[in-house]
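Since the structure comes first, as structure tokens, the remarks are kept for the end.
Just so it is clear, none of the values below were taken in a lab; they were calculated from the coordinates. Small disclaimer: the values here were computed from a predicted structure and weren't measured. Cβ sites come from the backbone with ideal geometry, for glycine too, and all protein chains shown count toward neighbours.
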Ligand code: CS2
């Protein structure tokens, strides 16, 4: 079967949306760090819309900070790939053509820095996942002992970390009298622009006080809220899409119809006319999304996995789990929100339930369960802190945290190993093994990890006792019976 490429575009079926611009005229306006499925199904689509509308200044050079697989898949395809939107109504396919190149940072950090220093580049955007910022998740400060940060301090001209690349490129542009770029974090971190600004300016300051001050004062890091569910592409997806197209795409991305992007409008060097919502304060949107969508997602992931559900949609078929998610959102998360004006929060939550139930996507609970140590603070713990302050109930939040603990032991309810992926995996495992499957020992052993829970939560009697009793239920009864037993409870 012919591979997807510019030459193959004319072979594609009529119903597939294709690019129509002159690719030889596409300039590089954006360098994107972390060119994984999420970027390709989200920001790249917004940018492709701009390009298709005739503004050719915003071609994107993508970069992978670790593996070569995306570059290897897309290069023979002239950097083209399909986005497949799937739901009950079927699958809609579109070719995305906003990428101009993909660099693999470890092969040549210098080439990536050179790309970031091109005069035409106005924006460095990134999706490097929560752990890619080398920060302490509880405080948001740079983790100065992180191995990649130690490496980048010793080798600033050939960095490894996203903050290291950004700091270096900012410094070189400044030396060469080039206008600075805007740094656009598109990861699910709280106050993401502000957090990344702090991390990068601290790294700069450790290199020289002057660079730290320049980054702190002169570089814009607008915050964003990004939202689109993008499960990992499977081989079945590849085969099905190839069969529909009659052309083979090595790495299509799967997603839902829903997409949302709320962006703080602070781009001193200019920006594309993305069809995003531009606002002056992203905060309320971000907290709403992190607490309602991602908070529920993590609970579905841990409780769903423990209850034996492979996907989010399958977990949502479990009536007790679905009821739990509703209760978490309605009774515990929503009261802590400062809902953005004009947002119908009830409609938002109803839409979330529908999105979670989308069985056309195989969104694995295991995928969302990854990196829990980096995700819990902004998804569940901030909400718990707010609830504790006002003396309100935290039953659902405590069960979510306890489910993460049970999952982090690395052994499931049937005694089978769990492939826990987390930067703190070894530490979690060590503590869990020492504590044993005993809630009164396991809960404090994990709650004392300060970079996740801070000091305050481990010292809150109410938090400790709620998490311990939820964990005891999970250990002695299992996830399904625990969820069932929650049914009639009042908050
Ligand atoms: C998910 C997110 O994997 C996860 O942790 O919760 O990737 C989620 O699908 C996106 O944030 C949706 O916008």
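Data for the structure
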| item | result |
| --- | --- |
| Qualifying residues in the range 23-44 (those that are assigned to a helix (DSSP H, G or I) and surrounded by fewer than 23 Cβ atoms within 10 Å (Cβ to Cβ)) - the one nearest to the ligand (Cβ to nearest atom) | 38 |
| Single condition residue 212 does not satisfy, out of (1) within 23 Å of the chain's Cα centre (by Cα); (2) free of Cβ contacts under 8 Å to residues at least 12 places away in the same chain | (1) |
| Residue list for the range 394-417, filter: in a helix (DSSP H, G or I) and over 19 Å from residue 320 (Cβ atoms) | 405, 408 |
| Helices (runs of 4 or more DSSP H) within the range 340-390 that include 2 or more residues within 14 Å of the ligand (Cβ to nearest atom) | 345-356, 365-369, 372-376 |
